[in-house]
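Asker: Pasting in a structure now, in C-alpha cells, and then I'll have a few things to ask.
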Amino acid sequence: MSQTEAYSLGVKIAFWCLWSLCAVFLLPFAFIIVQLINIGFVNDLPKDWVVIGCWSFLVMSVGGIILFRLADQFLRMVQPASLLIRNMAFTAFGIPFVAYGGCMIMISPWGK
C-alpha cells in the first residue's frame with residue numbers, strides 16, 4: 001500500500017471494533033489455560049496435564065502477538081485492511097482450535 005493512500009474512517013472503525021472483539025475472544029481462553037497450568041502444578045497431576053496447559057498457553061500467546069503485529073501493520077498502513085481483517089479473523093478464531101487440537105493429541109492414545 002502506498003504511503004499516500006489512507007484507510008477510510010469506516011474501515012478504521014471496523015478494524016478497531018473487530019480487533020477489540022478478537023482480543024476479548026482470546027482472553028477467556030488465556031485465563032482458562034493459566035488456571036489449567038496452576039491446577040496441574042498445585043494438585044501434582046500427571047505430567048501430561050502441565051504439558052497440555054503449557055502448549056495451550058504458548059499457542060494463545062502467539063495469537064496475542066499476532067494480533068498486536070496486525071495492529072502495528074494497520075497503523076503503519078503496510079497492507080490492505082481487508083487482508084489484515086482476514087488474518088485477524090483467522091488468528092482469533094483459529095488459534096483456540098489449534099490449542100485444543102494439541103491438547104487432544106496429548107490425551108488421545110495416539111499421543112502416547
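Asker: Would you check if Q73 is of a type in the set (S, T, N, Q), modelled with pLDDT of 70 or more and assigned to a helix (DSSP H, G or I)?
Answerer: Working: of a type in the set (S, T, N, Q): yes; modelled with pLDDT of 70 or more: yes; assigned to a helix (DSSP H, G or I): yes.
For Q73, the condition - of a type in the set (S, T, N, Q), modelled with pLDDT of 70 or more and assigned to a helix (DSSP H, G or I) - is met.
Asker: Then there's this: Are any residues in the range 45-68 at pLDDT below 70 and loosely packed, with under 12 Cβ neighbours inside 10 Å, and if so, which ones?
Answerer: Taking the range 45-68 and keeping what is at pLDDT below 70, we get 45-50.
P46, K47 - these are the residues of the range 45-68 that are at pLDDT below 70 and loosely packed, with under 12 Cβ neighbours inside 10 Å.
Asker: Same structure, new question: Restrict the check to the range 37-44 and report whether at least one residue is at pLDDT below 80 and under 19 Å from the mean Cα position of the chain (by Cα).
Answerer: The initial filter retains those residues of the range 37-44 that are at pLDDT below 80, namely 37-44.
From what is left, the residues that are under 19 Å from the mean Cα position of the chain (by Cα) are 37.
Yes, the range 37-44 contains a residue that is at pLDDT below 80 and under 19 Å from the mean Cα position of the chain (by Cα).
Asker: State the number of residues belonging to the range 5-19 that are loosely packed, with under 13 Cβ neighbours inside 10 Å, hydrophobic (A, V, I, L, M, F, W, C) and in a helix (DSSP H, G or I). Walk me through it before giving the result.
Answerer: Looking only at the range 5-19, we keep the residues that are loosely packed, with under 13 Cβ neighbours inside 10 Å, and these are 5-6, 8-10, 13, 16-17.
Filter again for hydrophobic (A, V, I, L, M, F, W, C), leaving 6, 9, 13, 16-17.
Still in the running and in a helix (DSSP H, G or I): 9, 13, 16-17.
Within the range 5-19, residues that are loosely packed, with under 13 Cβ neighbours inside 10 Å, hydrophobic (A, V, I, L, M, F, W, C) and in a helix (DSSP H, G or I) number 4.
Asker: Looking at the range 79-99, I want the residues that are surrounded by 13 or more Cβ atoms within 10 Å (Cβ to Cβ) and have a partner that is among the polar types (S, T, N, Q) with Cβ atoms under 7 Å, at least 6 apart or on another chain. Which pairs are those?
Answerer: Q79/Q73; L84/Q73; A99/S56
Asker: Could you give me the residue pairs with C-beta distances under 9 Å whose first residue belongs to the range 16-39 and is farther than 15 Å from F97 by Cβ, whose second residue is at pLDDT below 85 and outside any helix (DSSP H, G or I) wherever it lies, and which are 6+ apart or on separate chains?
Answerer: Listed by first residue and then by second, the contacts come to I39/L45.
Asker: Right, something else. Output the number of residues of the range 1-34 satisfying the condition of being among the polar types (S, T, N, Q), modelled with pLDDT of 80 or more and more than 14 Å from A92 (Cβ to Cβ). Even if it seems obvious, please write down each step before you answer.
Answerer: Of the range 1-34, the ones among the polar types (S, T, N, Q) are 2-4, 8, 20.
Now narrow it down to the ones that are modelled with pLDDT of 80 or more: 8, 20.
Those left that are additionally more than 14 Å from A92 (Cβ to Cβ): 8.
Going through the range 1-34 one residue at a time, the tally reaches 1.
The values are calculated or read from the model by the stated rules, or taken from the named source; none is laboratory data. All of these numbers come straight from a predicted model, not from anything done at the bench. Here Cβ is always computed from backbone atoms with ideal geometry, including for glycine, and neighbour counts include all displayed protein chains.
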